[in-house]
Amino acid sequence: MRHKPSIGEYLAFLSIKYEVNPEKFLRALRSANEHKKARCGKLSVQCRGKIKNKFIFLIKRASEVVAQFPIDEEFLLNRSNKLGNFTETDRIRRYLSKKDRTAIANSIQDLRTGMRHVNLKAKILEVTEPKNVVTRYGNHACVAKALIADETGTIKLCLWNGQIASVSAGDTVQIENAQVSSFRGEKHMTLGKTGTLSNVETFKPKVASIDLPIPKV
């Protein structure tokens, strides 16, 4: 018998499929509950009323109906609920595995969660202080995050062990065979076992003025 997804998993799936931040999507649903309508990226959200203890929502992209579904009042109004907690389920992993994961000569604005074999040239704006962690395999490792940018935007790049000392703020790097993942609703790049990172000197991106703090690792 096929497992029916929980409302949290279903909403997380919609946010990934239509490329909106999961937490912003949940806030838009709550806003629509209060004000009848709200927007989240290219999606419009409409609360169509209440049946017993369930609110009925209609989601559209332009004139296209994306979905219509009920949400329990208890789930919707519970401010401790986070859709990012539902983005690592098997169902969502299977969906992402079916997407096109090959990317050639990307710009940051074109990156999508689930992409693999990503080749990208960018400038490092900041690198966090390294932090010692224990991986899910029980190994001790050192990890840091770099904020990288090109002409189209920024994204965080996870650096492990020897990768950390190989770069610093101001460097321009060529990234090969990386992948794009999502953690708590935020996209980031990782090199994995097959990705490479190298310094280059001939690329000077026109980075827009950005004042974005990097969360602690």
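Read-outs: derived from the displayed coordinates by stated rules, not from any lab. These numbers were taken from a predicted model, which means no experiment stands behind them. Note that we place each Cβ from the backbone using ideal geometry, even for glycine, and neighbour counts take in every protein chain shown.
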- request: Taking the dipole about the Cα centre of region 1-46, with the C-beta of Lys and Arg at +1 and of Asp and Glu at -1, give me whichever of Leu43, Ile16, Ser6 is farthest to the positive side.
  value: Leu43
field: Residues Ser182, Ser44, Ser166, sorted so that the one with the fewest Cβ neighbours within 10 Å comes first
entry: Ser166, Ser44, Ser182
- prompt: Which cross-chain or sequence-distant (5 or more) residues have an amide H under 5 Å from the amide H of Ala122, H modelled 1.01 Å from N in plane?
  reply: Val173, Ile175
- line: Length-normalised contact order of region 7-94, Cα under 8 Å, at least 6 apart, in percent, tallies to 26 percent
- prompt: Which whole-Hz ³J(HN,Hα) couplings does region 26-31 yield from phi under the Karplus relation 6.51 cos²θ - 1.76 cosθ + 1.60, θ = phi - 60°, glycine and proline marked x?
  reply: 5, 5, 5, 5, 5, 5
- prompt: Tell me, how many Å apart are the Cα centres for region 1-50 and for region 102-179?
  reply: 30 Å
message: Can you give me the distance in nm between label points at Arg93 and Arg27, each placed 7 Å from the Cα along the Cα-to-Cβ direction?
response: 3.0 nm
query: Quick one: length gained pulling Gln174 to Gln46 fully straight, 0.36 nm per residue minus the C-alpha distance?
result: 41.7 nm
Electrostatic dipole magnitude of region 7-94 [Cβ: Lys, Arg +1; Asp, Glu -1; Cα centre; debye, to 20]: 320 debye
message: Charges at C-beta only: +1 for Lys and Arg, -1 for Asp and Glu. How large is the resulting dipole of the chain about its Cα centre, in Debye rounded to 20?
response: 1020 debye
message: Test of understanding: ordering Ile51, Ile175 by Cβ neighbours within 10 Å, fewest first, what list do you get?
response: Ile51, Ile175
message: Using amide H atoms built in the peptide plane, which far-off residues or other-chain residues are under 5 Å from Phe57 H to H?
response: Arg48, Phe69, Ile71
query: Which of the trypsin sites (Lys or Arg not before Pro) across region 1-100 are loop residues per DSSP, with 11 or fewer other Cβ within 10 Å?
result: Arg2, Lys52, Arg79
query: So which of Lys121/Lys187; Lys36/Lys82; Lys54/Lys82; Lys17/Lys52 end up more than 26 Å apart, counting from Cα to Cα?
result: Lys17/Lys52
- line: So, relative contact order of the chain in percent, Cα under 8 Å, 6 or more apart, is 15 percent
statement: Shape call for region 7-94, from the Cα gyration tensor axes a ≥ b ≥ c (a/c under 1.5 means rounded, otherwise prolate when a/b beats b/c, else oblate), comes out oblate
Theoretical ellipticity at 222 nm over the chain - DSSP helices of four or more residues, -39500 (n - 2.57) apiece, nearest 500: -5500 deg cm²/dmol
field: Within region 101-200: Cβ-based charge dipole about Cα centre, in debye rounded to nearest 20 (Lys, Arg +1; Asp, Glu -1)
entry: 420 debye
